Amino acid sequence: MSILIKNGRIITASDDYIADIFIENEIITTIGKNLKLNADEVIDAGGKLVFPGGIDPHTHLDMPFMGSFSSDNYETGTLAALHGGTTSIIDYVIQSKAGSLKEALKTWHGRASGNSYSDYGFHIAVTDFNDSAKDELKNVIEIEGVTSFKTFMAYKGALMIDDKQMIGIMQEAEKLGAVVAVHATNGDIIDHLIQQFKKENKLSPLYHYLSQPEITEIEASGRFIDLANMTKVNSYIVHMTSGGALDKVRMATLRNQKTYVETCPQYLILDASVYNKGFESAKWVMSPPIREKSDQESLWAGLNQGLIQVVATDHCPFMWNEKKNGEHDFTKIPNGAPGIEHRVELIYSEGVNKGRISLNKHVELCSTNAAKIFGMFPKKGTIAIGSDADIVIFDPNEKHIISAKTHHHRCDFSIYEGMEVTGKCKTVILRGKTAINNGKVLLEKGYGKFIKRNTISKNI
Ligand code: URP
Ligand code: ZN
Ligand code: ZN
């Protein structure tokens with residue numbers, strides 16, 4: 001099987017030029033001007049942008065959480081991802097308390113294998129760094145190809161670990177070249193505020209937002225960064241929302257420390273006014289919550305300053321009837337929202353189209369940096385000879401409206417309902433196969449492969 005993509009404007013993290021791309025089987029084999037090669041399929045990309053396939057390194061598919069399961073499974077979630085130009089995801093496996101890492105991994109392989117449309121890798125969220133988990137790390141990294149571990153400094157009583165466990169996992173991960181990622185908010189302060197609001201009968205979704213003020217993120221981010229500095233581990237903060245937390249990252253650069261940072265479209269685009277809609281605000285109940293307009297500005301600046309390297313989605317959808325479990329108590333609203341389909345287009349529309357970021361920066365944020373940080377580059381994350389042929393052909397001018405009526409998420413609402421977006425993924429190719437063309441699905445379920453990832457060196 002071969003594909004020839006003609007005359008596209010190829011954008012990578014560093015380049016911008018017009019050329020043809022020749023794909024044989026799963027790989028890009030030739031790039032050049034006016035290629036005269038016979039191909040099974042020829043695609044005219046004149047007037048279009050040609051990006052590397054998007055990589056979303058923060059998703060929760062088919063995940064048991066707060067009394068339900070996230071509503072997208074591997075089949076529906078990865079198909080929605082492909083519609084929006086994301087060809088690879090890294091999903092979160094959750095270790096159960098006192099359970100082993102391998103057991104958790106086996107469960108998630110069972111969920112994904114044969115069901116995934118896109119390629120996928122796993123991070124493991126370590127919720128109990130006991131002796132057996134410690135003994136498993138080497139094998140999980142070197143044999144299973146899972147080279148990043150997430151920790152939670154919040155969700156007290158469920159996922160949260162303490163600083164002793166954090167130091168333990170950081171020291172082991174450092175020895176093995178793995179990345180330690182974190183949900184950085186202070187679980188004790190949040191828990192205290194929740195108990196206070198409950199006593200005062202303040203139970204609407206607004207109090208979800210008020211129970212996680214910016215200080216909870218600033219404190220935990222700073223503590224995590226200090227522990228990472230002490231242990232010298234490769235560190236990564238997921239879903240950063242606030243200018244104050246970003247200042248902790250900026251301060252660490254003064255001692256030549258690099259902590260990788262991710263933010264999400266919802267934190268760049270939406271603001272805390274979403275919590276003034278009565279119970280409808282449950283749609284935006286996620287952790288951390290959406291913050292102020294001034295935080296949006298700090299985050300956009302942080303992308304250009306190189307302090308934030310990745311835009312992921314934290315895709316964790318729940319149906320509205322599951323959100324309604326918390327109608328009389330915000331602590332029972334499952335945390336999370338859908339977004340896996342919209343990231344590449346939203347960051348183009350709100351970022352490139354509005355002049356906030358360059359085209360090269362868009363590719364860095366949506367693909368290349370995640371591939372580098374999580375040990376997949378240059379197989380994934382770029383358009384180069386020898387790389388996997390994961391490619392998005394993008395119309396920068398096509399306008400469309402986001403709606404739950406038309407999105408592909410398995411979720412009956414959208415947190416971006418009615419928003420106009422400029423730019424559309426027209427053709428999406430995954431490992432040499434056209435997956436999506438003009439909204440039509442051409443790939444079969446189960447084509448998506450597990451990605452075994454490598455460890456990375458310091459300061460990539
Ligand atoms: O609210 C969120 N973010 N739900 C998913 C779990 C997490 O904290 O990442
Ligand atoms: Zn989180
Ligand atoms: Zn998450």
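The values are calculated or read from the model by the stated rules, or taken from the named source; none is laboratory data. The shown structure was predicted, so the numbers you read here are calculated from the model rather than taken from an experiment. Heads up, the Cβs are rebuilt from the backbone with ideal geometry, glycines too, and the neighbour counts pull from every protein chain shown. Note: accessible area is taken over every heavy atom of the protein model, side chains too, but ligands, DNA and RNA are not part of it. Shrake-Rupley method; radii C 1.70, N 1.55, O 1.52, S 1.80 Å.
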Query raised in the report: So GLU136 clears everything in (1) farther than 28 Å from TYR447 by Cβ; (2) within 13 Å of ligand 3 (Cβ to nearest atom) except one condition, right? Which one?
Result: (2)
Requested in this report: Restricting attention to region 212-243, report how many residues are in contact (Cβ under 8 Å) with a residue 40 or more places away in the chain and either touching a Lys or Arg at 6+ places or on another chain (Cβ under 7 Å) or open to solvent by less than 40 Å² (accessible area, probe 1.4 Å) (or both).
Outcome: 20
Report task. State the number of residues belonging to region 40-68 that are surrounded by fewer than 17 Cβ atoms within 10 Å (Cβ to Cβ) and at negative phi. Result -> 7
Query - Selection count where residues are within 15 Å of ligand 2 (Cβ to nearest atom) and either closer than 20 Å to THR87 by Cα or surrounded by fewer than 22 Cβ atoms within 10 Å (Cβ to Cβ) (or both), scope region 312-334 - result: 6
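Filter region 46-92 for residues that are assigned to a helix (DSSP H, G or I) and among the small types (Gly, Ala, Ser) and give the result. Outline the logic, then answer.
So in region 46-92, the residues assigned to a helix (DSSP H, G or I) come out as 74-83.
The answer is GLY77, ALA80, ALA81.
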Query raised in the report: Which one of these is surrounded by fewer than 20 Cβ atoms within 10 Å (Cβ to Cβ), modelled with pLDDT under 95 and assigned to a loop (DSSP other than H, G, I, E, B): LYS458, LYS405, LYS445?
Result: LYS458
Query raised in the report: GLY157 passes all but one of (1) of a type in the set (Gly, Ala, Ser); (2) touching a Leu at 6+ places or on another chain (Cβ under 9 Å); (3) open to solvent by 50 Å² or more (accessible area, probe 1.4 Å); which number fails?
Result: (2)
Report summary line: Given (1) assigned to a helix (DSSP H, G or I); (2) within 16 Å of ligand 1 (Cβ to nearest atom); (3) crowded, with 24+ Cβ neighbours inside 10 Å, SER367 misses just (2)
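Conditions tested, residue by residue: (1) within 24 Å of PHE122 (Cβ to Cβ); (2) among the β-branched types (Val, Ile, Thr).
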{"residue": "THR151", "(1), (2)": "yes, yes"}
{"residue": "TYR155", "(1), (2)": "yes, no"}
{"residue": "GLN165", "(1), (2)": "yes, no"}
{"residue": "ILE169", "(1), (2)": "yes, yes"}
{"residue": "ASP188", "(1), (2)": "no, no"}
{"residue": "GLN195", "(1), (2)": "no, no"}
